[in-house]
Amino acid sequence: MGMKNYLIEGVSCTGKTSVCNELLRRGYDAINGDRQLAYQGDPETGRETEGHGHESHIWDVEKVEAIVADKRTPVTLLCGGSRNFSKFTHLLDGVFVLEIDLDTLIRRLDERPDDEWGAKPEERELVLRLHRTKEDVPKDGISIDATAPLAHVVDEIIRQSGARALE
């Protein structure tokens, strides 16, 4: 949907959904990939799988390709986590990786409702490991300090992407 397209990634609790909601509130072309593009599938083949494992939380690559091919807006920001991001990041103009420190991560995990991913002990353990290893996020992304207030985080993404609000 954009002449330029960016991914906003990060481990759980870094603020991907909050950033997406704020971008939308401000009138930007943002897509919540976890709600609009995600399904449970094999990260290599894309074939749907049973269950709800973190490792099989992937995005529909054909839908991402269609978004990138649509040039009606200057910038589209795709927000969320995907275990198959390597299948489509080459199509994008860049990737922003939301980064937070361990104390902030633990505080945000503690604040999660019981029914939200990352609240269960085994999910929490995985989030902490992924935060430590960074194995679940693109390595060559532009780091964004997501411990800053949400407005500042979004302002920085807008500045670096050149995004303009939709009219």
Complete set of residues in region 92-114 that are in a helix (DSSP H, G or I), open to solvent by 60 Å² or more (accessible area, probe 1.4 Å) and out of contact with any Leu (no Cβ under 9 Å at 6 or more places or on another chain): D103, R107, D110, E111
For residues that are within 15 Å of V97 (Cα to Cα) and in contact with a strand residue (DSSP E or B) (Cβ under 6 Å, 6 or more places away or on another chain), tally how many sit in region 1-18. 9
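So is E62 of a type in the set (D, E) and touching a Gly at 6+ places or on another chain (Cβ under 7 Å) or not? If you could, list the steps in order and put the result at the bottom.
Numbers: of a type in the set (D, E): yes; touching a Gly at 6+ places or on another chain (Cβ under 7 Å): no.
It is false that E62 is of a type in the set (D, E) and touching a Gly at 6+ places or on another chain (Cβ under 7 Å).
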Considering each residue of region 1-59, count those that are in contact with a Leu (Cβ under 8 Å, 6 or more places away or on another chain), over 23 Å from P74 (Cβ atoms) and in a loop (DSSP other than H, G, I, E, B), and give that number. 6
Give region 126-155 a look and list any residue that's assigned to a helix (DSSP H, G or I), touching a Gly at 6+ places or on another chain (Cβ under 8 Å) and surrounded by 14 or more Cβ atoms within 10 Å (Cβ to Cβ), or say none. V127, V153
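Can you pull out every residue in region 41-59 that is among the polar types (S, T, N, Q) and open to solvent by less than 30 Å² (accessible area, probe 1.4 Å)?
If we filter region 41-59 for residues that are among the polar types (S, T, N, Q), which is where we start, we get 45, 49, 56.
The one that is among the polar types (S, T, N, Q) and open to solvent by less than 30 Å² (accessible area, probe 1.4 Å): S56.
Residue by residue, here is whether (1) at pLDDT below 90; (2) surrounded by 11 or more Cβ atoms within 10 Å (Cβ to Cβ); (3) closer than 24 Å to Q36 by Cα; (4) out of contact with any Phe, Trp or Tyr (no Cβ under 9 Å at 6 or more places or on another chain) holds:
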residue: V61; (1), (2), (3), (4): no, yes, yes, no
residue: A69; (1), (2), (3), (4): no, no, yes, yes
residue: G80; (1), (2), (3), (4): no, yes, yes, no
residue: E116; (1), (2), (3), (4): yes, yes, yes, yes
residue: I157; (1), (2), (3), (4): no, yes, yes, no
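The values are calculated or read from the model by the stated rules, or taken from the named source; none is laboratory data. Computed from a prediction, not measured in an experiment: that's the story for all the values here. FYI the Cβ positions are ideal-geometry reconstructions off the backbone, even for glycines, and counts take in every protein chain you see. Just so you know, the surface numbers come from the protein's heavy atoms only, side chains and all, with ligands and any DNA or RNA stripped out. Shrake-Rupley method; radii C 1.70, N 1.55, O 1.52, S 1.80 Å.
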